[in-house]
Amino acid sequence: MDGELFIDVVLWAVYIALGVGLVAAVWSAVHGVRTHEQTADALASRRTSMIGYATAATVAVVMVVTYLLASTRPVVSNGRLFTDTWWLRCTDMLIFTSILLICVCSVIVVVAKFRR
């Protein structure tokens, strides 16, 4: 089989996964807003919403910083030279952001485990 066929299959699988992920994220957000219970403790609900906002802002800032720090050196993959700086930076951004967030989450889990 031709290698191009596998690339097409992988690209379509990524598009489908992206679509399913976006639909799930939107559904989850809408469902969370509709079923959110109002707590009697206003301070607790404010703290919970602030944690959510801080998390979203932190991820956005990390993505911007990793994009700005990403490499623009051309890459050879499967015998082809890739020189598009925007895609090179986006690829590095996603890789480094994922690694950083996995490490941060692991540290948070370990700290929470031994905190109690």
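Some notes on this structure:
- Cβ-Cβ under 8 Å pairs, at least 6 apart or on other chains, region 92-106 side hydroxyl-bearing (Ser, Thr, Tyr), far side loosely packed, with under 11 Cβ neighbours inside 10 Å and assigned to a helix (DSSP H, G or I): none
- In region 61-79, the residues that are surrounded by 11 or more Cβ atoms within 10 Å (Cβ to Cβ) and either outside any strand (DSSP E or B) or touching a residue at least 60 places away in the same chain (Cβ under 8 Å) (or both): Val62, Met63, Val64, Val65, Thr66, Tyr67, Leu69, Ala70, Ser71, Thr72, Pro74
- Identity of the residue in region 80-98, under 16 Å from Val59 (Cα atoms) and of a type in the set (A, V, I, L, M, F, W, C), that ends up surrounded by the fewest Cβ atoms within 10 Å (Cβ to Cβ): Ile95
- Scanning region 24-52 for residues that are modelled with pLDDT of 70 or more and of a type outside the set (S, T, N, Q) returns Ala24, Ala25, Val26, Trp27, Ala29, Val30, His31, Gly32, Arg34, Met50, Ile51, Gly52.
The values are calculated or read from the model by the stated rules, or taken from the named source; none is laboratory data. Just so it is clear, the model here is predicted, and its values are computed rather than measured. Glycine gets a Cβ as well: all are built from the backbone with ideal geometry, and neighbour counts include every protein chain shown.
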